[in-house]
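Peer 1: Sharing a structure below in structure tokens format, with a few things to ask.
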Amino acid sequence: MSSEYLLEVNNLTKRFPIKGGLFGREVGAVKAVNNVSFKIKKGETLGLVGESGCGKTTLGRCILRLLEPSSGEIIYNGRNILDFGPKEMRELRRKIQIIFQDPYASLNPRMTIGSILSEPLHIHNLFEGKKERQKRLYELLDQVQLPKDALNKYPHEFSGGQRQRVCIARALAVEPDFIVCDEPVSALDVSVQAQVINLLTDLQKDLGLTYLFIAHDLKVVEYISTKVAVMYLGNMVELAEASELYGDSKHPYTKALFSA
């Protein structure tokens, strides 16, 4: 694999078995992701669009191995991560992160923001000294444009946009290279969406991040993406540069999606 590609997905498939009968035998399967392949270069954003239920989120979680793929390859920095054991995956978790769709559901309501942001630092044994850790927490808050006193507050004390900024800070805490953004603005007000999208764009430029940006809002995807992939019923039906896809899409489903 060329070193310019950070991630290469080859023929990835995820099947969910359908069980029935007296003994709960497998009587069929749903292919949520079916033989999908693509590449993402370092520093670029691949937008992933499609209707609800088309397999976008499943694909993102398979790449992170939050769900185990049924078959295929996930090549990250030249290595197939499906061959990784628990120790190697723990080390890889520092490099690949996710921002979930619902910022409130993905934050523990019993933990302060300081505890939430400190947790990944503890898990990966980063910044052993208390002063160093505190300095890192302040850096994270500054990166996502939140005040320092946010560390002592709880998630319910913030707006939806501020909570999503906390989720972004948590993803950045371990200094990743690649982030799966799983519909990170769909649960936010329209006025706040632009602020979060601009924040993600600025962070990408400053930190050299690579994104897989999952969304159903075509305008948002067009704005942030370098390339765009379209999924339909578990299949990737079209993949092209953002300007090319939005200007002259080829697949009938893509045309129907845009016209809707």
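The values are calculated or read from the model by the stated rules, or taken from the named source; none is laboratory data. Given the structure is predicted, the values throughout are model-derived calculations rather than measurements. Using ideal geometry, Cβ is built from the backbone for each residue, glycine included, and neighbour counts are taken over all protein chains shown. For the accessible areas, the whole protein counts, side chains as well, though only heavy atoms, and no ligand, DNA or RNA atoms are used. Shrake-Rupley method; radii C 1.70, N 1.55, O 1.52, S 1.80 Å.
Peer 1: Residues that are part of a strand (DSSP E or B), among the hydrophobic types (A, V, I, L, M, F, W, C) and under 14 Å from the mean Cα position of the chain (by Cα): does segment 19-39 have at least one? So that I can check it myself, show each step before the final result.
Peer 2: Step one: list which residues in segment 19-39 are part of a strand (DSSP E or B), which gives 19-20, 25-39.
Adding the requirement that they be among the hydrophobic types (A, V, I, L, M, F, W, C) leaves 27, 29-30, 32-33, 36, 38.
Applying the additional criterion that residues be under 14 Å from the mean Cα position of the chain (by Cα) yields none.
Looking for residues that are part of a strand (DSSP E or B), among the hydrophobic types (A, V, I, L, M, F, W, C) and under 14 Å from the mean Cα position of the chain (by Cα), one finds none in segment 19-39, hence no.
Peer 1: Name every residue in segment 109-126 that is closer than 23 Å to residue 149 by Cα and either part of a helix (DSSP H, G or I) or open to solvent by 70 Å² or more (accessible area, probe 1.4 Å) (or both), in order of residue number. Lay out the reasoning, then the answer.
Peer 2: Of segment 109-126, the ones closer than 23 Å to residue 149 by Cα are 109-122, 126.
Result: 109, 110, 113, 114, 115, 116, 117, 118, 119, 120, 121, 122.
Peer 1: Does residue 98 count as open to solvent by 20 Å² or more (accessible area, probe 1.4 Å), part of a strand (DSSP E or B), more than 19 Å from residue 229 (Cα to Cα) and touching a residue at least 12 places away in the same chain (Cβ under 8 Å)?
Peer 2: On the way: open to solvent by 20 Å² or more (accessible area, probe 1.4 Å): yes; part of a strand (DSSP E or B): yes; more than 19 Å from residue 229 (Cα to Cα): no; touching a residue at least 12 places away in the same chain (Cβ under 8 Å): yes.
Here the answer is no, as residue 98 does not meet what is asked.
Peer 1: For segment 20-53, which positions are over 23 Å from residue 73 (Cα atoms) and hydroxyl-bearing (Ser, Thr, Tyr)? Step through it out loud before you land on a result.
Peer 2: First pass over segment 20-53, keeping only residues over 23 Å from residue 73 (Cα atoms): 20-28, 51-52.
Across segment 20-53, the qualifying residue is only 52.
Every residue, every condition in (1) of a type outside the set (Phe, Trp, Tyr); (2) in contact with a His (Cβ under 8 Å, 6 or more places away or on another chain), yes or no:
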{"position": "61", "(1), (2)": "yes, no"}
{"position": "64", "(1), (2)": "yes, no"}
{"position": "68", "(1), (2)": "yes, no"}
{"position": "72", "(1), (2)": "yes, no"}
{"position": "84", "(1), (2)": "no, no"}
{"position": "88", "(1), (2)": "yes, no"}
{"position": "94", "(1), (2)": "yes, yes"}
{"position": "98", "(1), (2)": "yes, no"}
{"position": "102", "(1), (2)": "yes, no"}
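Peer 1: Could you pull out the residue among 6, 12 that is in a strand (DSSP E or B), surrounded by 17 or more Cβ atoms within 10 Å (Cβ to Cβ) and touching a Leu at 6+ places or on another chain (Cβ under 8 Å)?
Peer 2: Working: 6 fails: touching a Leu at 6+ places or on another chain (Cβ under 8 Å).
Of the residues listed, the single one that is in a strand (DSSP E or B), surrounded by 17 or more Cβ atoms within 10 Å (Cβ to Cβ) and touching a Leu at 6+ places or on another chain (Cβ under 8 Å) is 12.
Peer 1: May I ask you to list the residues in segment 177-197 that are surrounded by fewer than 18 Cβ atoms within 10 Å (Cβ to Cβ) and either touching a Leu at 6+ places or on another chain (Cβ under 8 Å) or charged (D, E, K, R) (or both)? Full working, then the answer.
Peer 2: Taking segment 177-197 first, the residues surrounded by fewer than 18 Cβ atoms within 10 Å (Cβ to Cβ) are 186, 189-192, 194-195.
The one that is surrounded by fewer than 18 Cβ atoms within 10 Å (Cβ to Cβ) and either touching a Leu at 6+ places or on another chain (Cβ under 8 Å) or charged (D, E, K, R) (or both): 189.
Peer 1: Still on this structure, please answer the following. Of all the residues that make up segment 181-218, how many are at pLDDT 90 or above and among the hydroxyl-bearing types (Ser, Thr, Tyr)?
Peer 2: 3
Peer 1: Also, quick follow-up: Can you pull out the residues in segment 197-232 that are outside any helix (DSSP H, G or I) and of a type in the set (S, T, N, Q)? Please lay out each step first, then the result.
Peer 2: Step one: filter segment 197-232 for residues outside any helix (DSSP H, G or I), giving 208-217, 225-232.
Passing the criteria: 210, 225, 226.
Peer 1: Right, another one. Can you work out which of the residues in segment 127-160 that are assigned to a loop (DSSP other than H, G, I, E, B) and surrounded by 15 or more Cβ atoms within 10 Å (Cβ to Cβ) is nearest to the chain's Cα centre (by Cα)? Quick ask: steps written out before the conclusion?
Peer 2: Within segment 127-160, the first condition is being assigned to a loop (DSSP other than H, G, I, E, B), and the residues that meet it are 127-129, 144-147, 153-154, 158-159.
This time we only want the ones that are surrounded by 15 or more Cβ atoms within 10 Å (Cβ to Cβ), so: 127, 144, 146, 153-154, 158.
Working: 127: 25, 144: 17, 146: 22, 153: 26, 154: 24, 158: 22 Å.
Only one residue fits best here, namely 144.
Peer 1: Note down all Cβ pairs under 6 Å where the first residue falls in segment 207-229 and is more than 25 Å from residue 76 (Cα to Cα), the second is charged (D, E, K, R) and at pLDDT 90 or above, and they're at least six residues apart or on different chains.
Peer 2: Cβ pairs passing all conditions: none.
Peer 1: If you don't mind, there's one more thing I want to ask. Here's a check for you: in segment 233-252, which residue that is in a helix (DSSP H, G or I) and modelled with pLDDT under 85 is nearest to the chain's Cα centre (by Cα)? It would help to see each step written out before you state the result.
Peer 2: At the first step, the residues of segment 233-252 found to be in a helix (DSSP H, G or I) are 242-247, 252.
Still in the list and also modelled with pLDDT under 85: 246-247.
On the way: 246: 22, 247: 26 Å.
Going through the qualifying residues, I end up with 246.
Peer 1: Only one of 120, 155, 109 is more than 22 Å from residue 6 (Cα to Cα) and in contact with a His (Cβ under 8 Å, 6 or more places away or on another chain). Can you tell me which?
Peer 2: Numbers: 120 fails: in contact with a His (Cβ under 8 Å, 6 or more places away or on another chain); 155 fails: in contact with a His (Cβ under 8 Å, 6 or more places away or on another chain).
Matching residue, one of 120, 155, 109: 109.
Peer 1: Taking the condition of being surrounded by 13 or more Cβ atoms within 10 Å (Cβ to Cβ), in a loop (DSSP other than H, G, I, E, B) and under 14 Å from the mean Cα position of the chain (by Cα), how many residues in segment 49-88 meet it?
Peer 2: The number of residues fulfilling the criteria is 4.
Peer 1: While we're looking at this one, here's another question. Sort through 221, 174, 230 and tell me the only one that's of a type in the set (Val, Ile, Thr), open to solvent by less than 20 Å² (accessible area, probe 1.4 Å), at pLDDT below 95 and farther than 24 Å from residue 52 by Cα.
Peer 2: Exactly one of 221, 174, 230 is of a type in the set (Val, Ile, Thr), open to solvent by less than 20 Å² (accessible area, probe 1.4 Å), at pLDDT below 95 and farther than 24 Å from residue 52 by Cα, namely 174.
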